[in-house]
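Working notes for the structure below.
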Amino acid sequence: MVNAGDMNGSGNLMDFLDEPFPDVGTYEDFHTIDWLREKSRDTDRHRKITSKSKESIWEFIKSLLDAWSGWVVMLLIGLLAGTLAGVIDLAVDWMTDLKEGVCLSAFWYSHEQCCWTSNETTFDDRDKCPQWQKWSELLVGQSEGASAYILNYFLYIMWALCFAFLAVSLVRVFAPYACGSGIPEIKTILSGFIIRGYLGKWTLLIKTVTLVLVVSSGLSLGKEGPLVHVACCCGNFFSSLFSKYSKNEGKRREVLSAAAAAGVSVAFGAPIGGVLFSLEEVSYYFPLKTLWRSFFAALVAAFTLRSINPFGNSRLVLFYVEYHTPWYMAELFPFILLGVFGGLWGTLFIRCNIAWCRRRKTTRLGKYPVLEVIMITAITAIIAYPNPYTRRSTSELISELFNDCGALESSQLCDYINDPNMTRPVDDIPDRPAGPGVYSAMWQLALALVFKIVITIFTFGMKIPSGLFIPSMAVGAMAGRMVGIGVEQLAYHHHDWIIFRNWCRPGADCVTPGLYAMVGAAACLGGVTRMTVSLVVIMFELTGGLEYIVPLMAAAVTSKWVADAFGKEGIYEAHIHLNGYPFLDVKDEFTHRTLATDVMRPRRGEAPLSVLTQDSMTVEDVETLIKETDYNGFPVVVSKDSERLIGFAQRRELILAIKNARQRQDGVVSNSIVYFTEDPPELPPNSPHPLKLRRILNLSPFTVTDHTPMETVVDIFRKLGLRQCLVTRSGRLLGIITKKDVLRHMAQMANQDPESIMFN
């Protein structure tokens, strides 16, 4: 049983105290907040500030500062999130290249920075310069040959293992909450659940450091999901500096919603996409004021990242591309096929990953997280190194797959056979037959695709920071690029076919394989996360191509339809259920014809409901009830015979009230009568001093009748954010329904284990 909303405001909690005692109104760890109560407390606080602001200039200034504190918090979140994202990007770039070699002129330069600062670099050999040396050149003086290859291979694996071991050790020792993506937990916290330490300073520090290490190790994971966690840690830190947010869990969650938007803004360089992601995917309560503040936080974060310019191209992301060819209606068919592939991949990934994570939780495998990380890193590095498409960082791979083949491209994917008589502008190169490099790249991409699909299933969920956006996009981009090259070659060799005749004449630039990679990436990301609107906006902000919204929308909607046909849960919802978090998803539908009386406790055969009476229990009786039960609150009734409901008292506030009364008020002893009435009756002269606790009583707890349909009860819990509601008949208390009772009942109706929702 849990507490109800204090609709009367917080007020002074005991008549004999001038001020509320410390810790009142706060919640225990792993408990759910009461949204109604938090909203009521904030309204009371705002009313007091408004009335005081008319008393003096100083109070008026304080009211202005209070009004502006929200915008100040957003500014600070944006600045810190943008700075951390820029530092992470720069560090990942350097440490990824460190696995292959080192810059002699300045060891802190990445490969690209080293060669671009060199005066001896030519355009054709822009990846080669004397200042950058592979480990084999540095150690044995050889850059080619079997021995140099084996040495580079060995050192690549050693660096990867070193980074991964350091990351998992830091997480285990200093911040166990820094593992995983963080988005399932952020969603649960935003729905009103308390997980102390999950957004703490240590978690922020360790997640930032280990994120650099794990992405640099070459594991099949991304930094985008964890960046949302990092931004929310920033939000939690800054909100603790302002009492408006630190003392109100509901207001704090408004800040965290905006911080999540800033996290996506810097992860993808997509401020608008970040706001929509927060609204569509992670937030539970998102008022209009939070929308504006999210927009401001995302803007500041993106501006800060742009100022740092981590990629040196004045862009916010590594894979910014621009296409010069329009798309044609006939191409919608392959785009929709990519959407089907994305939906199927999403379903396969979710089922396999959840099965593996469940196995990890229920077998001895979960007891050896360091060994698991080391083994997966070793397998990844050993298989990844021989294939150039898996050896490089996943962001660079996506960047190459998205790229349009211009005249200056040196990639294998652009090894087409050129017509020597071609005299066209650089940006309008016609479709050409594929050369040997393209066919070789297709084989390597096919192998890389199979490897990524398999290894990502085992990587996501390990005890290290691990994002899923980039690996999902890589899978889709590889599949999309291969489909794009296939359509391009089909159009080139069979331009007289009826489907190509109208829009693909010989010598025309008809098909852009990079666009197919982009559509495939959107489809796979949509299949795994079930995002739609925010996904399309993020993708067009990434590419700067408003022209390609329709293909992206077609692929995103198709992938969602296909994936939803096999199960409504996205990967984050699936992990929430796996971990047993008490999350009431607004997207779930409840269609069963059960009543409140079927779900409420106590049931037939169970002990009667534990209640307090308004004027017949002693302090000792109340303390005994608290000691013998673990309920988080107790209904208060007129008497145990009548069971007429008066209100609801929280366990925590009862404990604090009695403790403070014993310390501060003379005459309160174990046999003092506890009163919840407005005016206690006259007592005999020798009786102990009474304890009046009317002020901690919630006089308007939420109630339903025993014949209320559960469909309505579930809706009330979702929309009002209740912890519990009391069940009555004609004003007489019958039982109680808690949020966990609702979740248990929903699991039972879906033929699932009702105890699986209990957080452990």
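Filtering region 283-308 down to residues that are part of a loop (DSSP other than H, G, I, E, B) and of a type in the set (Ser, Thr, Tyr), which residue is surrounded by the fewest Cβ atoms within 10 Å (Cβ to Cβ)? Within region 283-308, the match that is surrounded by the fewest Cβ atoms within 10 Å (Cβ to Cβ) is TYR285. Residue count for region 590-639 under the criterion of being of a type in the set (D, E, K, R), free of Cβ contacts under 8 Å to residues at least 60 places away in the same chain and not in a loop (DSSP other than H, G, I, E, B): the result is 5.
Per-residue answers, yes or no, for (1) modelled with pLDDT of 95 or more; (2) assigned to a helix (DSSP H, G or I):
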site	(1), (2)
GLY218	no, no
HIS229	yes, yes
GLY235	yes, yes
LEU241	no, no
ALA267	no, yes
GLU281	no, yes
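Please verify whether LEU733 is modelled with pLDDT of 85 or more, surrounded by fewer than 19 Cβ atoms within 10 Å (Cβ to Cβ) and in contact with a strand residue (DSSP E or B) (Cβ under 9 Å, 6 or more places away or on another chain), treating the condition exactly as stated. It is false that LEU733 is modelled with pLDDT of 85 or more, surrounded by fewer than 19 Cβ atoms within 10 Å (Cβ to Cβ) and in contact with a strand residue (DSSP E or B) (Cβ under 9 Å, 6 or more places away or on another chain).
Only one of the numbered conditions (1) without any contact (Cβ under 8 Å) to a residue 40 or more places away in the chain; (2) in the same structural domain as LEU90 (by the TED database); (3) open to solvent by 20 Å² or more (accessible area, probe 1.4 Å) is violated by GLU249, and that is (1). Scan region 309-325 for residues that are surrounded by fewer than 17 Cβ atoms within 10 Å (Cβ to Cβ) and at pLDDT 80 or above and the total you get is 1.
Hey, any hits in region 704-725 for a residue that's surrounded by fewer than 14 Cβ atoms within 10 Å (Cβ to Cβ), closer than 30 Å to PHE590 by Cβ, within 33 Å of the chain's Cα centre (by Cα) and charged (D, E, K, R)? Within region 704-725, one or more residues are surrounded by fewer than 14 Cβ atoms within 10 Å (Cβ to Cβ), closer than 30 Å to PHE590 by Cβ, within 33 Å of the chain's Cα centre (by Cα) and charged (D, E, K, R).
ARG196 satisfies every condition listed in (1) in contact with a helix residue (DSSP H, G or I) (Cβ under 8 Å, 6 or more places away or on another chain); (2) open to solvent by 10 Å² or more (accessible area, probe 1.4 Å); (3) of a type outside the set (Ser, Thr, Tyr) except (1). Of the numbered criteria (1) surrounded by fewer than 19 Cβ atoms within 10 Å (Cβ to Cβ); (2) part of a helix (DSSP H, G or I), the one GLY86 fails is (1).
Table: residues versus (1) modelled with pLDDT of 80 or more; (2) outside the structural domain of VAL228 (by the TED database); (3) buried (at least 24 other Cβ atoms within 10 Å of the Cβ).
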residue	(1), (2), (3)
ARG424	no, yes, no
ALA434	no, yes, no
GLN444	yes, yes, no
PHE458	yes, yes, no
LEU468	yes, yes, yes
MET473	yes, yes, yes
MET478	yes, yes, yes
HIS494	no, yes, no
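Does TYR548 fit the bill of being in contact (Cβ under 8 Å) with a residue 60 or more places away in the chain, farther than 30 Å from THR708 by Cβ and under 18 Å from the mean Cα position of the chain (by Cα)? So TYR548 does not fit the description; no.
Over 14 Å from LEU98 (Cα atoms) and part of a loop (DSSP other than H, G, I, E, B), is that true of LEU211? It is false that LEU211 is over 14 Å from LEU98 (Cα atoms) and part of a loop (DSSP other than H, G, I, E, B).
Filtering region 584-609 to residues that are in contact with a Ser or Thr (Cβ under 9 Å, 6 or more places away or on another chain), open to solvent by less than 20 Å² (accessible area, probe 1.4 Å) and under 29 Å from ILE195 (Cα atoms) leaves LEU584, ASP585.
The values are calculated or read from the model by the stated rules, or taken from the named source; none is laboratory data. Since the model is a prediction, treat every value here as computed from it, not as a measurement. Neighbour counts run over all protein chains shown; Cβ positions are idealised from the backbone, glycine included. Note: accessible area is taken over every heavy atom of the protein model, side chains too, but ligands, DNA and RNA are not part of it. Shrake-Rupley method; radii C 1.70, N 1.55, O 1.52, S 1.80 Å.
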